[in-house]
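Only one structure is covered here, and it is reproduced in the block below.
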Amino acid sequence: MKKRILIVDDDSDSKLLKHALAEYEVRVETASTTALDVAIEFRPDLILLDLVMPEVHGSVLAENIRREKRLRRVPIILVSALVHSKKNDGRVVQVGDYPALGKPFSVDELKHCIAQQLSGKGPAQPFSPGTLAGS
């Protein structure tokens, strides 16, 4: 059975990610106001969450997800142009309790971060080419 990933992002590019992540069952939710209900119904193994969303900010949504008993242990990866800088060079960084990828990011960086989170290895480690052996 494929692992389930919920992408919560109002960016139209998020639908392109669905195709790039074909090895997973992916659902895209573009409305932050309904994302919590969608997550409860979809029961994802991981949530990819845009930090800057209209109506409900991603950090607020992440905390609401953590308060929901059925979703408490689901890993969340934040994505945002706000965490991208020349210092982290698009690598995974920690934003509070969550790993975060700066936009734009490569599909390889995303897959690496997802694999780490789904394997339960804890905080995401920086991506470097060559660490994706077998993927």
(message) I'd like the per residue volume of the convex hull spanned by the Cα atoms of the stretch 4-119, given in cubic angstrom.
(response) 91
(request) Apply the Karplus parameterisation 6.51 cos²θ - 1.76 cosθ + 1.60, with θ equal to phi minus 60°, to every residue of the stretch 65-72 and state each ³J(HN,Hα) to the nearest whole Hz, in sequence, with x for glycine and proline. (result) 5, 5, 6, 7, 3, 6, 10, 3
(message) If I model a spin label at residue 37 and residue 72 as a point 7 Å from the Cα along the Cα→Cβ vector, what separation in nanometres do I get?
(response) 2.4
(request) Calculate how large, on average over all directions, the projected area of the Cα convex hull of the stretch 28-70 is; give the answer in nm² to one decimal. (result) 2.8
(message) Check which residues have an amide H placed less than 5 Å from residue 5's amide H, if you skip close sequence neighbours.
(response) 25, 26, 27, 45
(request) Report the FRET efficiency, 1/(1 + (r/R0)^6), for residue 57 and residue 118, where r is their Cβ-Cβ distance and R0 is 22 Å, rounded to 0.05. (result) 0.30
(message) Can you tell me, using C-alpha contacts under 8 Å and at least 6 residues apart, the relative contact order of the stretch 4-119 as a whole percent?
(response) 22
(message) Please list, ordered by chain and number, the residues whose modelled amide H lies under 5 Å from the amide H of residue 76; skip anything fewer than 5 residues away on the same chain.
(response) 47
(request) Quick one: which residues, 5+ away or cross-chain, put their amide H under 5 Å from the amide H of residue 34? H built at 1.01 Å from N. (result) none
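Full extension from residue 19 to residue 81: what is 0.36 nm times the residue separation minus their Cα-Cα distance, to one decimal in nm?
Result: 20.2 nm gained on full extension.
Every number here is computed from the coordinates shown, using simple stated rules; none is lab data. Note that this is a predicted model, so its numbers are computed, not measured. No Cβ is skipped: glycine too gets one built from the backbone with ideal geometry, and neighbour counts run over all protein chains shown.
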